[in-house]
Amino acid sequence: GQTGKLMYVMHNSEYPLSCFALFESGPCLVADANFDILMVKLKGFFQNAKANKIESRGTRYQYCDFLVKVGTVTMGPSARGISVEVEYCPCVIANDCWNLLMEFMQSFMGSHTPGIPSVFSTKHDSIYSPADTMVQYMELFNKIRKQQQVPVAGIR
Amino acid sequence: ELERLSNLVGKPSENHPLHNSGLLSLDPVQDKTPLYSQLLQAYKWSNKLQYHAGLASGLLNQQSLKRSANQMGVSAKRRPKAQPTTLVLPPQYVDDVINRIDRMFPEMSIQLSRPNGTSAMLLVTLGKVLKVIVVMRSLFIDRTIVKGYNENVYTEDGKLDIWSKSNYQVFQKVTDHATTALLHYQLPQMPDVVVRSFMTWLRSYIKLFQAPCQRCGKFLQEGLPPTWRDFRTLEAFHDTCRQ
């Protein structure tokens, strides 16, 4: 048979009516909230992997046209790190405002400012969508899963 | 007897300077029908409004803000000699000018519609950065509203929404700048040159999120990118950085 691929089902409180299903390097499906129920019905085809739910919970801030979400990443009962999400809302082309975003992040994150996310290089000039946010979260959560129990700040 | 009594009742209109409105003040039930106090307030308000309007017109007349070639105050005798006014242009001419400008810049597309009578309404889409709604009066630009590329520019019945502002502060700022620009570019005899200059100025916003400020070198000032474009050189400045 085929080796199983991992599929992630994700929810984002910014888009409460949607459910995102994504493969590691593949397409991302955006469905409505009933998708969860559908997954339960398809239990025969999918195996629920042993890993565990990982979530990031925190506060949402707005500054001018920026949206900043700072959350604690928890896996089960233990806290594994901190996630910071920065979004510049008026711009729809990701690559256009990277420098602007970086300047903003440097103002409060200093040396922790990350490099350009990998999704940006594949997007070129297409419009940014919520699925791209979920891909970035997936990469972050995977990085945190791979690390052992030592809590490290994971910033995206 | 009745006549004697009737002569004793004084004529109210002689004693009351306010005539009929003064009689309202005699109403004893003030809380249910506060007509008199409302009347007084309305009167004071309209007086103040008149006073302020007088002051404003005095200030505004100091600067000549006429953008059209019409000449006011020309005596009725001379008017029939028909100085060509640029306020009355055939719509086909306006359409042609706009179409030519549309073809001038590849990254800018202009859609013209006339939902409300003869004044043209343009929807200008600049790359994937922003959308501008321009309301015109023959070939003069009357108002503009700048919104983000992903914002909705139509009302619920599908018509162009020319009133609601953008949700983003950066585009509200750019709207203010665009209004300044449409007042700045003035040439009463050649309105199509004016429209062309305005569109050229607007096109410089294609790099709204990418260009740093020419004065301070940074991208952000108080959370806003450089939203000002100089009218001559089209360089980007922060609103607080321009001279």
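The values are calculated or read from the model by the stated rules, or taken from the named source; none is laboratory data. Source: prediction; values computed, not measured. No Cβ is skipped: glycine too gets one built from the backbone with ideal geometry, and neighbour counts run over all protein chains shown. Ligands, DNA and RNA are stripped out before the accessible areas are found, and what is left, the full protein with its side chains, is counted by its heavy atoms. Shrake-Rupley method; radii C 1.70, N 1.55, O 1.52, S 1.80 Å.
Data overview
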item	result
Of residues in region B:162-186 being among the aromatic types (Phe, Trp, Tyr) and either part of a helix (DSSP H, G or I) or within 14 Å of chain A (Cβ to nearest Cβ) (or both), the one nearest to B:VAL146 (Cα to Cα)	B:PHE171
Residue in region B:209-225 that is most open to solvent (accessible area, probe 1.4 Å), counting only those that are at the interface with chain A (Cβ under 10 Å from one of its Cβ atoms) and touching a strand residue (DSSP E or B) at 6+ places or on another chain (Cβ under 7 Å)	B:ALA211
From B:GLN169, B:GLN83, residue being open to solvent by 80 Å² or more (accessible area, probe 1.4 Å), out of contact with any Ser or Thr (no Cβ under 7 Å at 6 or more places or on another chain), modelled with pLDDT of 85 or more and of a type outside the set (A, V, I, L, M)	B:GLN169
Single match in B:MET136, B:MET199 (criterion: touching a helix residue (DSSP H, G or I) at 6+ places or on another chain (Cβ under 8 Å), modelled with pLDDT under 90, more than 14 Å from every other protein chain (Cβ to nearest Cβ) and not in a loop (DSSP other than H, G, I, E, B))	B:MET136
Subset of region A:135-149 that is farther than 22 Å from A:GLU14 by Cα and without any contact (Cβ under 8 Å) to a residue 40 or more places away in the chain - its residue that is least open to solvent (accessible area, probe 1.4 Å)	A:LYS143
Candidate set from region B:229-243 (those that are at pLDDT 85 or above and open to solvent by 20 Å² or more (accessible area, probe 1.4 Å)); member that is nearest to B:ILE141 (Cα to Cα)	B:PHE231
Residues of region A:120-138 satisfying the condition of being closer than 16 Å to A:LEU29 by Cα and in a helix (DSSP H, G or I)	A:PRO130, A:ALA131, A:ASP132, A:THR133, A:MET134, A:VAL135, A:GLN136, A:TYR137, A:MET138
Residue in region B:174-183 that is among the hydrophobic types (A, V, I, L, M, F, W, C) and open to solvent by 70 Å² or more (accessible area, probe 1.4 Å) present	yes
Evaluation of B:TYR205 against (1) within 10 Å of chain A (Cβ to nearest Cβ); (2) closer than 20 Å to B:VAL124 by Cα (one fails), failing number	(1)
Candidate set from region B:139-157 (those that are in a loop (DSSP other than H, G, I, E, B) and more than 30 Å from B:PRO188 (Cα to Cα)); member that is farthest from the other protein chains (Cβ to nearest Cβ)	B:ASP157
Residues being over 13 Å from A:TRP98 (Cα atoms) and modelled with pLDDT of 85 or more - total across region A:119-134	7
Of all residues making up region A:49-69, the number that are of a type in the set (D, E, K, R) and either open to solvent by less than 60 Å² (accessible area, probe 1.4 Å) or within 14 Å of chain B (Cβ to nearest Cβ) (or both)	2
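Listed here are the residues, each with its yes/no results for (1) among the basic types (Lys, Arg); (2) surrounded by 12 or more Cβ atoms within 10 Å (Cβ to Cβ); (3) away from chain B (no Cβ under 14 Å); (4) on the phi > 0 side of the Ramachandran plot.
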{"site": "A:LEU42", "(1), (2), (3), (4)": "no, no, yes, no"}
{"site": "A:GLY71", "(1), (2), (3), (4)": "no, yes, yes, no"}
{"site": "A:THR74", "(1), (2), (3), (4)": "no, yes, yes, no"}
{"site": "A:TYR88", "(1), (2), (3), (4)": "no, yes, no, no"}
{"site": "A:LEU101", "(1), (2), (3), (4)": "no, yes, no, no"}
{"site": "A:PHE108", "(1), (2), (3), (4)": "no, yes, no, no"}
{"site": "A:PRO114", "(1), (2), (3), (4)": "no, yes, yes, no"}
{"site": "A:VAL119", "(1), (2), (3), (4)": "no, yes, yes, no"}
{"site": "A:THR133", "(1), (2), (3), (4)": "no, yes, yes, no"}
